[in-house]
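Inspection log for the structure reproduced underneath, given as structure tokens.
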Amino acid sequence: MYGLIDTHAHLDEIDNLELALISARKAGVKAIVAVGQDLNSNEKNLQLADKYRGFVYAAVGLHPWALAYMGDEQIEENIDFIAENLNKATALGEVGLDYHKKIVKETGKDRQQQVLIRLLQFARRYDKPVSIHSRYAWKDCLHLVKEVGIRKVAFHWYTGFSSTLSEILQSGYFISATPAAEYHDEHRRAIKEAPVEQLLLETDCPVEYGRSERYHAEPADVLRSLKAVASIKGLDEEYIAECTTKNARRLFKV
């Protein structure tokens with residue numbers, strides 16, 4: 001049994017959370033970073049971190065997807081909550097940019113960037129790590145975190161260009177591997193190119209994975225991420241587990 005850390009999980013969306021956490025412990029999961037995406041999930045994550053102290057660690061964030069459903073007043077309410085509670089959290093996240101055409105249609109790039117810059121400034125103020133969502137916006141996300149001066153960053157579920165990945169790694173940032181590493185070509189390529197010293201494991205649960213057989217992930221499925229990374233790298237699972245857990249503890253202080 002390996003001591004693993006799920007560095008990116010949406011615990012507030014899991015139906016039977018108590019059972020999922022029991023399964024995670026049995027699978028050898030030692031810690032979970034619960035990321036937030038709006039006011040409700042942020043509040044719940046802080047409560048979960050208090051309830052499962054030493055096992056669940058809260059991150060507070062504002063997902064770019066959520067902006068599409070918010071007016072200016074709601075956005076300010078969410079930003080204010082993060083500003084007031086980030087010092088209590090392990091990290092800022094999930095935050096970032098999403099340039100998928102459906103998202104940009106509802107929330108333009110400029111608006112997304114303006115919100116992200118404000119959130120990153122809080123992370124810099126409190127010296128918190130940041131969990132970044134960067135779909136089709138890899139280069140802009142990298143530019144902004146560097147421009148604001150963020151030292152500790154995890155590019156969650158990275159599937160972007162090798163050139164941007166190279167700059168991410170040169171900047172000392174991390175990328176994370178999900179169970180999609182079992183089959184997703186771009187994700188697998190990124191994992192192959194990244195050194196183990198800059199890799200993390202995650203589930204993004206309860207995201208649905210799989211091709212021939214579909215399933216909704218839970219924290220215990222970080223084992224699938226581990227096995228996929230070991231296979232891609234051609235390295236021993238125990239070695240990958242030790243390295244990624246060490247990386248997660250160093251980045252998130254869990």
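Readers should treat all values here as calculations from the given coordinates under stated rules, not as data from a laboratory. Not measured: the values here are computed from a predicted model. FYI the Cβ positions are ideal-geometry reconstructions off the backbone, even for glycines, and counts take in every protein chain you see.
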- Amide H contacts under 5 Å for residue 27, placed H, 5+ residues apart: none
- Query: Quick one: if you stick a label point 7 Å off each Cα along the C-beta vector at residue 51 and residue 18, how many nm between them?
  - Reply: 0.9
- Isotropically averaged projected area of segment 121-178, using the convex hull of Cα atoms (one quarter of hull area), nm²: 3.6
- Note on the structure: Rounded to the nearest 5, the percent of DSSP beta bridges in the chain running antiparallel is 10
- Query: Near residue 109, which lysines are there with a Cα under 19 Å away, not counting those fewer than 8 places off in the same chain?
  - Reply: 101, 139, 146
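Give, in nm to one decimal, the length gained when the segment between residue 126 and residue 171 is fully stretched (0.36 nm per residue of separation minus the Cα-Cα distance).
Details: separation 45, 0.36 × 45 = 16.20 nm, distance 1.99 nm.
This chain segment gains 14.2 nm when fully extended.
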- Note on the structure: Expressed to one decimal in nm², the mean projection of the alpha carbon convex hull of segment 120-254 is 7.9
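Out of every Cα pair in segment 5-100, what percent are spaced more than 18 Å from each other? All intermediate terms of the calculation are to be shown ahead of the outcome.
Values: 1980 of 4560 pairs.
Value for segment 5-100: 43 percent of Cα pairs lie more than 18 Å apart.
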- Per DSSP H run of at least 4 residues, take -39500 (n - 2.57); add these up for the chain, divide by its residues and hand me the 222 nm value, nearest 500 deg cm²/dmol. -14500 deg cm²/dmol
- Sparse-neighbourhood loop sites, chymotrypsin sites (Phe, Trp or Tyr not before Pro) in segment 25-95 - DSSP loop, at most 14 other Cβ within 10 angstrom: 69
- Message: Give me a comma-separated list of calculated 3J(HN,Hα) values for segment 203-218, in order, Karplus coefficients 6.51, -1.76, 1.60 applied at θ = phi - 60°, integers in Hz, x for any Gly or Pro.
- Response: 10, 6, 4, x, 3, 8, 10, x, 10, 6, 10, 9, 8, 8, 6, 9
- Cα coordinate range in the chain, projected on the principal axes (Å, largest first): 48, 42, 36
- Per-residue HN-Hα couplings for segment 233-247, Karplus 6.51 cos²θ - 1.76 cosθ + 1.60 at θ = phi - 60°, whole Hz, x for Gly and Pro? 7, x, 10, 5, 4, 4, 5, 4, 4, 4, 5, 5, 5, 4, 4
